[in-house]
2 protein chains.
Amino acid sequence: MCMNSHSIENIRVVMVETTHPGNIGAAARAMKTMGYNNLYLVKPKIYPNAEATARAAGADDILSRVVVCDSLEEALQGCVTVVASTARPRSISHSVFTPREYAPKLSEMLKLGTVALVFGRESSGLSNEELEYCNVILQIPTNPEFSSLNVASAVQILCYEFNQLLQSDAVDKIDNEEKTRLATADEMTYFYDHLEQSMIDVGFLNPQQPRKLMRRLKSLFNRAHMDENEVSILRGFLAAVRESVTKTKSD
Amino acid sequence: MCMNSHSIENIRVVMVETTHPGNIGAAARAMKTMGYNNLYLVKPKIYPNAEATARAAGADDILSRVVVCDSLEEALQGCVTVVASTARPRSISHSVFTPREYAPKLSEMLKLGTVALVFGRESSGLSNEELEYCNVILQIPTNPEFSSLNVASAVQILCYEFNQLLQSDAVDKIDNEEKTRLATADEMTYFYDHLEQSMIDVGFLNPQQPRKLMRRLKSLFNRAHMDENEVSILRGFLAAVRESVTKTKSD
């Protein structure tokens, strides 16, 4: 088995508010068996912890390199694509794929930068607000009557599934014409803040009753996988809007 | 997702001399998430056990139906094919496949009768003598430097992999209840005209030198397959921009 180590290094596993440290250890082990290294934890309930180390069963190097973050936003810094693993379909309109359907797209994305695979809490998964950071939702096909996959098992399945792909040389077929760098998660956050502020400035968005609008727009822009150039065009436009509004106001 | 229940009922998961009861529970959960029911245990070290029940996390029906056997031979009674999952290649001459390679063959076999998927001990796997019961060896592709898959993870991966095959229809994608109509081409044209005009209004786009701005933005929005709702939100924003600019100008 020959892994494309460049690709695999570009995958970041992000576990959000994991309750049981054993699941963190099991996830580290699952990752390592499939050749993955980068684990980020957002506000783990208990970590580090002996149970995590025990369940890692030798994947200690992954645990010792773990990056613990205070927010999902922080954990996603620098990622060009954010992929959420969820058990339940959401009403929010995201692109939803099975892992196998998404695999070819993933390999394309990995050529452009770091991709985050985000796993939610054991009990409640990811919040809608957290899903707003995500470009894509993956749903592992499960028994409709019992879809309660353990979180480390979900990590195992995605790592296994994508590892199958990364091994195959069929991967290296995607064209590289005029490839612009994709916007990172933090750049998208700035853009959304900017957009929201503009909407407030012109009286289109009432900050007292804000949510649905921005959620819909994030869903739209996340779906598009914007590149840095597109973000900068739109931010340029928003800056011009602001200037135009304030200038005329002060005239 | 519609599982072929006849096929899945013909799969028997057999765990040989499992040491940790937690792994039995986790395997039961893994099976159930993928729609499998039949678990046989050959001389489990500790079973039944509270830890097994805890890790099963609701897959209690599988545990309550578990068949505990005194020997592998007993556990394999009635099986038309015996498939062993091993981490290490063996000197014994078996046919060795990856799970994915074997999947089509498995579905053929399931038409003929019961197929056993056999998983060895946590520490030492299956003995050569036990492997002699097996028709086929499956090796899950792993990191050559760390191939130590947890046994319940191996169960999870095989159940997942074969479930992909046994599903007749490819998972129903994105059944968004709130499916909004996609914007039509003419609506997109109006939107683009509107966007262009706004960019001119605020001095961001020079109609004398339009460059590739609009082309780039069209490419972005076309990629996203906007729905009518999203178009109308953005047009609402653009209208507010115009109003805001002209109102303040005329003040």
> Within region A:210-220, which residues are part of a helix (DSSP H, G or I) and either more than 7 Å from chain B (Cβ to nearest Cβ) or among the aliphatic types (A, V, I, L, M) (or both)?
Replying inline: A:Arg211, A:Lys212, A:Leu213, A:Met214, A:Arg215, A:Leu217, A:Lys218, A:Ser219, A:Leu220
> Inside region A:13-28, can you point out the residues that are within 17 Å of A:Leu131 (Cα to Cα) and buried (at least 22 other Cβ atoms within 10 Å of the Cβ)?
Replying inline: A:Val13, A:Val14, A:Met15, A:Val16, A:Thr18
> So which residues in region A:195-209 are surrounded by fewer than 17 Cβ atoms within 10 Å (Cβ to Cβ), on the phi < 0 side of the Ramachandran plot and either part of a helix (DSSP H, G or I) or within 13 Å of another protein chain (Cβ to nearest Cβ) (or both), if there are any at all?
Replying inline: A:Gln197, A:Ile200, A:Asn206
> When you look at B:Leu238, is it outside any loop (DSSP other than H, G, I, E, B) and touching a His at 6+ places or on another chain (Cβ under 9 Å), yes or no?
Replying inline: yes
>> Being modelled with pLDDT of 85 or more, surrounded by 21 or more Cβ atoms within 10 Å (Cβ to Cβ) and assigned by TED's automatic domain parsing to the domain that holds A:Ala75 is true for just one of A:Asn163, A:Asn222. Which residue is that?
In response: A:Asn163
> B:Leu182: among the hydrophobic types (A, V, I, L, M, F, W, C), modelled with pLDDT of 90 or more and over 30 Å from B:Ser85 (Cα atoms), yes or no?
Replying inline: no
> Can you tell me which residues in region B:67-83 are touching a residue at least 40 places away in the same chain (Cβ under 8 Å) and in a loop (DSSP other than H, G, I, E, B)?
Replying inline: B:Leu76
>> Every residue in region A:115-154 that is over 12 Å from the mean Cα position of the chain (by Cα) and of a type in the set (S, T, N, Q), please.
In response: A:Ser123, A:Ser124, A:Ser127, A:Asn128, A:Gln139, A:Thr142, A:Asn143, A:Ser147, A:Ser148, A:Asn150, A:Ser153
> On the given criteria, is B:Gly120 without any contact (Cβ under 8 Å) to a residue 40 or more places away in the chain, surrounded by 18 or more Cβ atoms within 10 Å (Cβ to Cβ) and closer than 18 Å to B:Tyr40 by Cα?
Replying inline: no
>> With the structure loaded, tell me whether B:Thr114 is of a type in the set (S, T, N, Q), more than 26 Å from B:Glu74 (Cβ to Cβ), in the same structural domain as B:His94 (by TED's automatic domain parsing) and modelled with pLDDT of 90 or more or whether it fails that test.
In response: no
> How about region B:198-251: which of its residues are touching a Lys or Arg at 6+ places or on another chain (Cβ under 7 Å) and over 30 Å from B:Thr180 (Cα atoms)?
Replying inline: B:Asp201, B:Thr248
>> Which of the numbered conditions does A:Thr246 fail, given that it passes all the others? Conditions: (1) among the polar types (S, T, N, Q); (2) surrounded by 16 or more Cβ atoms within 10 Å (Cβ to Cβ); (3) farther than 13 Å from B:Phe237 by Cα.
In response: (2)
>> Would you confirm whether or not region B:105-125 contains a residue that is within 14 Å of chain A (Cβ to nearest Cβ), in contact with a Pro (Cβ under 7 Å, 6 or more places away or on another chain) and farther than 21 Å from B:Asn37 by Cβ?
In response: no
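The values are calculated or read from the model by the stated rules, or taken from the named source; none is laboratory data. This structure is a prediction, so every number in the text was calculated from the model and none was measured. Here the Cβ is made from the backbone with ideal geometry for all residues, glycine too, and neighbour counts use every protein chain on show.
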